[in-house]
Amino acid sequence: MHKGFLKTAFLLAALSVAMGAFAAHGLKNSVSDKALATFETAVRYQFYHVFALMISAILYKDFRVAAIRAAGWLFITGIILFSGSLYLLTIVQGMVLPGYKWLGAITPFGGLAFIAGWLFLFAGLFKKKGSPGLSE
């Protein structure tokens with residue numbers, strides 16, 4: 001799984017850079033400053049958690065416990081829910097489509113996934129391989 005997490009992290013990192021460039025050059029003149037700031041927040045948190053996913057992958061190689069594997073999946077889930085909902089919200093705001101503000105309600109679930117990922121990563125360092133219910 002650690003190679004899968006690394007591969008995913010590298011693809012999400014490339015996507016972060018592409019989305020950041022898109023914001024700086026493509027969106028800058030197309031959306032409001034508020035919508036641009038929302039998009040930039042999505043890019044920033046995606047990139048931060050790419051590093052968290054890389055850390056999970058590296059740690060999972062030596063600490064093969066379920067908590068660290070769960071942390072990796074939580075970081076991926078957080079990126080999808082947090083950053084993904086903000087990307088969509090920016091697009092909807094840019095197109096001035098009414099009725100899609102509910103997308104913003106998804107964002108906190110991504111934030112919770114990020115927090116849980118960090119806590120699982122922390123907890124995983126205290127678990128021993130073979131602990132009941134905690135290892136693979």
Looking at (1) at pLDDT 95 or above; (2) crowded, with 16+ Cβ neighbours inside 10 Å, which one does Ile91 not meet, given that it meets all the others?
(1)
Under 7 Å between Cβ atoms, at least 6 apart or on separate chains: pull out the pairs that start in segment 38-61 with a residue that is among the charged types (D, E, K, R) and end on any residue that is surrounded by 17 or more Cβ atoms within 10 Å (Cβ to Cβ).
Glu40/Ala23; Lys61/His2
Go through segment 61-88 and count every residue that is surrounded by fewer than 24 Cβ atoms within 10 Å (Cβ to Cβ), over 17 Å from Phe39 (Cα atoms) and not hydrophobic (A, V, I, L, M, F, W, C).
5
Where the second residue is of a type outside the set (A, V, I, L, M) and not in a helix (DSSP H, G or I) and the first is over 12 Å from Leu6 (Cα atoms) and lies in segment 65-78, which pairs have Cβ atoms under 6 Å and are six or more apart or on separate chains?
Val65/Lys127; Val65/Ser135; Ala67/Lys127
Pull up segment 23-39, narrow it to residues that are of a type in the set (D, E, K, R) and assigned to a helix (DSSP H, G or I), then point me to the one that is surrounded by the most Cβ atoms within 10 Å (Cβ to Cβ).
Lys34
Determine if segment 46-59 includes at least one residue that is within 25 Å of Ala123 (Cα to Cα) and of a type in the set (Ser, Thr, Tyr).
yes
From the list Ile91, Ile76, pick out the single residue that is part of a helix (DSSP H, G or I) and in contact with a Leu (Cβ under 7 Å, 6 or more places away or on another chain).
Ile76
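Results for (1) under 19 Å from Gly94 (Cβ atoms); (2) acidic (Asp, Glu); (3) surrounded by fewer than 18 Cβ atoms within 10 Å (Cβ to Cβ); (4) within 12 Å of the chain's Cα centre (by Cα), shown as yes or no for each residue.
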{"site": "Gly4", "(1), (2), (3), (4)": "no, no, yes, no"}
{"site": "Lys7", "(1), (2), (3), (4)": "no, no, yes, no"}
{"site": "Ala18", "(1), (2), (3), (4)": "yes, no, yes, no"}
{"site": "Ala21", "(1), (2), (3), (4)": "yes, no, yes, no"}
{"site": "Thr41", "(1), (2), (3), (4)": "yes, no, yes, yes"}
{"site": "Arg44", "(1), (2), (3), (4)": "yes, no, yes, yes"}
{"site": "Phe47", "(1), (2), (3), (4)": "no, no, no, yes"}
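The values are calculated or read from the model by the stated rules, or taken from the named source; none is laboratory data. Note that the coordinates shown come from a computational prediction; the quantities given were computed from them, not determined experimentally. Positions of Cβ are backbone-derived with ideal geometry, glycine not excepted, and every protein chain shown enters the neighbour counts.
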